[in-house]
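Read through the structure below, which is laid out as C-alpha cells, and then see the notes.
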Amino acid sequence: MGGRLILYMHTVTLSGPMSIATAMRRPPNRPNARLADLLAHPALWQAGRLDTAAAATPSGFSALDAHLPGGGWPQAGLAELLLATAGVGELRLLAPLMAALSRQQPRWVAWIAPPFVPYAPALEAQGVQTDRLLLVHPATHPQTLWALERAGRSGSCSLILGWLDERRLRAADTRRLKLAAHQGNCLICLFRPAQAAARSSMAELRLRLTPAAADCVTVDIRKRRGGWPVDGIRVPFAERQGAVALQAQLDRWRQWLGQRQAMSRPVGLEHDREPAMGRPGVVH
C-alpha cells in the first residue's frame, strides 16, 4: 500500500447519475435487526459501554459503584487490590461488603494468611458479624495457594481474602483462583503490591489504592470487565463511631488480651508487657 493505512472502508452502490464524492458523503446503512440483537448480547463488549448486567454486590460507596460493572463488587470471580503499603484503607473499603455478606449469607468470610490479627471490635463497629469470620494461617506459599483454591471451590465461603508471596505468584495461579471462585460462586480478593500492576493477571477487577486524606482513599481502576481503566476516584470513608466509643472498645480489647496473657503464661513470669498486636495466631 506504499506505506498508507486504510482506517475505514465501505461499499456504496450507485443508482443513477451520482458522483463519487456525493456517494462518499452518505453514511453507511444502519445495521439490521439481527445485527442489533447481536450487538446487544451481554457477552459482547463494546468499547465505552460498561457492563451493567453483571451480578454484583454494592460496595457501600456510590463514587466507586458508579464505575464498577453491575454497580458493585463481583459476586463471583477474582479481584485484586494493589497497595503501595499495607494499611492505606483496603479493609475499610471492603468493610461494607464483609458486613453485608456476613449478615445476609450463611457462609464464611475467610481470611487466608493475613499478616496481622483482625481487630474484632473495629470490625463489629463496621457491622461485620465476626462469628462468620474464618481465619486460616498456612505455613508456606504452596499451602496458601491450596487453601485459597480449596476454599473457593468449596461453596462454603462468600468472600475470601488472601495474602500471597508476590515473588512466587504466577499468572497461571491467578487463573486457577479465578476458576475456583466461579465454581464456588464467591469472590476471592488478593492483596498485592502496587508493582504487581505491571504483571499479567487473570483477575476480572484490579484496583490500585493510594491514601488521599485521613478518611479518604483514591482508587484507580486498572482493569474491569466491560470498561476502560479509570483513575482518580476519591472514596471517602464515613465515620461510623465516635472517639469515646472507639476508646471504650479499645479498653475492653486490651483487658481481654491481658486476661488471655495471664492465663497462657506460667506462674512466676512477669506480666509487664502487652503482646504484639501484629502477630498472627494459628487456627486449625
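The values are calculated or read from the model by the stated rules, or taken from the named source; none is laboratory data. Keep in mind the model is a prediction, meaning the values are calculated, not measured. For neighbour counting, all protein chains shown are included, and Cβ atoms are generated from backbone atoms with ideal geometry for every residue, glycine included. SASA here: full protein model, heavy atoms, side chains in, ligands and nucleic acids out. Shrake-Rupley method; radii C 1.70, N 1.55, O 1.52, S 1.80 Å.
Key figures for this structure:
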item	result
Subset of the range 165-191 (residues that are in contact with an Asp or Glu (Cβ under 8 Å, 6 or more places away or on another chain) and either open to solvent by 20 Å² or more (accessible area, probe 1.4 Å) or under 14 Å from P114 (Cβ atoms) (or both))	R176, K178, C189, L190, F191
Subset of the range 148-181 [touching a Pro at 6+ places or on another chain (Cβ under 8 Å) and more than 21 Å from P193 (Cβ to Cβ)]	none
Members of the range 193-223 found to be open to solvent by less than 40 Å² (accessible area, probe 1.4 Å) and farther than 17 Å from V88 by Cβ, listed by number	S201, A203, E204, L205
Looking only at the range 141-160, and only at residues there that are of a type in the set (S, T, Y) and assigned to a helix (DSSP H, G or I), the one that is nearest to A181 (Cα to Cα)	S154
The one condition in (1) under 17 Å from P74 (Cα atoms); (2) in a strand (DSSP E or B) that R192 fails to fulfil	(1)
Checklist (1) buried (at least 18 other Cβ atoms within 10 Å of the Cβ); (2) touching a Pro at 6+ places or on another chain (Cβ under 7 Å); (3) assigned to a loop (DSSP other than H, G, I, E, B) applied to V117, failing item	(1)
Single residue of R103, R132 found to be basic (K, R) and either surrounded by fewer than 18 Cβ atoms within 10 Å (Cβ to Cβ) or in contact (Cβ under 8 Å) with a residue 40 or more places away in the chain (or both)	R103
Residue in the range 58-80 that is farthest from the chain's Cα centre (by Cα), counting only those that are polar (S, T, N, Q) and farther than 21 Å from Q183 by Cα	S62
Search result, residues across the range 51-83 that are in contact (Cβ under 8 Å) with a residue 24 or more places away in the chain, in a helix (DSSP H, G or I) and open to solvent by less than 30 Å² (accessible area, probe 1.4 Å)	L64, P69
Test: residue in the range 120-127 that is surrounded by fewer than 19 Cβ atoms within 10 Å (Cβ to Cβ), acidic (D, E) and in contact with a helix residue (DSSP H, G or I) (Cβ under 9 Å, 6 or more places away or on another chain)	yes
Criterion violated by A86 - all others in (1) modelled with pLDDT under 75; (2) in a loop (DSSP other than H, G, I, E, B) satisfied	(1)
